[in-house]
Amino acid sequence: MIRFSDDAWHRTEPLREAIHRLPFNTELAAGSLSRDRFQTYIIQDAIYLGQFSRALAISAAKAPDTATMQSFAQSALGAIAVEQALHGRYLRDFGVDPAGIADAEPAPDCLAYTSYLIAAAYHDPWEVLVAALLPCFWIYWDVGCAIARTTAPQNPYKAWRSSTDGHRDNRSGSRCHDPGNPRQDAGGLYPRLPV
């Protein structure tokens, strides 16, 4: 019998391929993305990750057992630490004052997804919250791996891309997680997902 996660991964392949071909992703890989668009991206990502970390922390509190609670709590802390360090560097490198992030407004899509995550965190059962968090783990990993395969050698974003290297959820490790095995952790940074 095929697992739900394997079926979902297979069924979303056309959508994931379309995401790979989005202008932002192809321009980022080619190194032709405008500096302004990259600045906007890293600001929105910093806003997003602040809320994502909160949802991970709440998922830890709701976890059904101690080991899962510990995994999600470590993920929340890891996401905060890694992203603050990474964005602190890239915000400065790309002319953005890190102190200005607190005053930045989320874009509509960022606000919509983070509002959904926070609402799921506070109001839904743990399993629904984990399902809400799952797209970030898998899609960002998948897009990052696709970008890593096609990054131009003289790409001005190469250092940033290399630091993520297709493993946003695996910056502390050396491998991408296997989407066919969602229980495998992502290099120890993010929790094992029970799907």
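Gain on full extension, evaluated as 0.36 nm per residue between residue 112 and residue 21 minus their Cα-Cα distance, stands at 30.5 nm.
Between the beta carbons of residue 134 and residue 154, assuming R0 = 41 Å, the FRET efficiency works out to 0.70 to the nearest 0.05.
Estimated from the Cβ-Cβ distance and a Förster radius of 25 angstrom, the FRET efficiency linking residue 105 and residue 77 is about 0.45.
When each of the peptides 7-20, 125-138 is scored by how many other beta carbons lie within 10 Å of its residues on average, the order from highest to lowest is 125-138, 7-20. Distances over 22 Å make up what percent of all Cα-Cα pairs in region 86-157? Value for region 86-157 (Cα pairs over 22 Å): 48 percent.
Pick out, from 2, 34, 106, the residue whose Cα sits farthest towards the positive end of the charge dipole of region 1-111, with +1 on the Cβ of Lys and Arg and -1 on the Cβ of Asp and Glu. Value computed over the given set: 2. Taken about its Cα centre, region 36-170 carries a charge dipole of roughly 340 debye when the Cβ of each Lys and Arg holds +1 and the Cβ of each Asp and Glu holds -1. Beyond 16 Å, how much of the Cα-Cα pair distribution for region 12-117 remains, as a whole percent? Tail fraction, whole percent: 66.
The numbers here are math on the coordinates, done by the rules we state, and not lab data. If you're wondering where the values come from, they're calculated on a predicted model, not measured in any experiment. Every residue, glycine among them, receives a Cβ derived from its backbone with ideal geometry; neighbour counts consider all protein chains shown.
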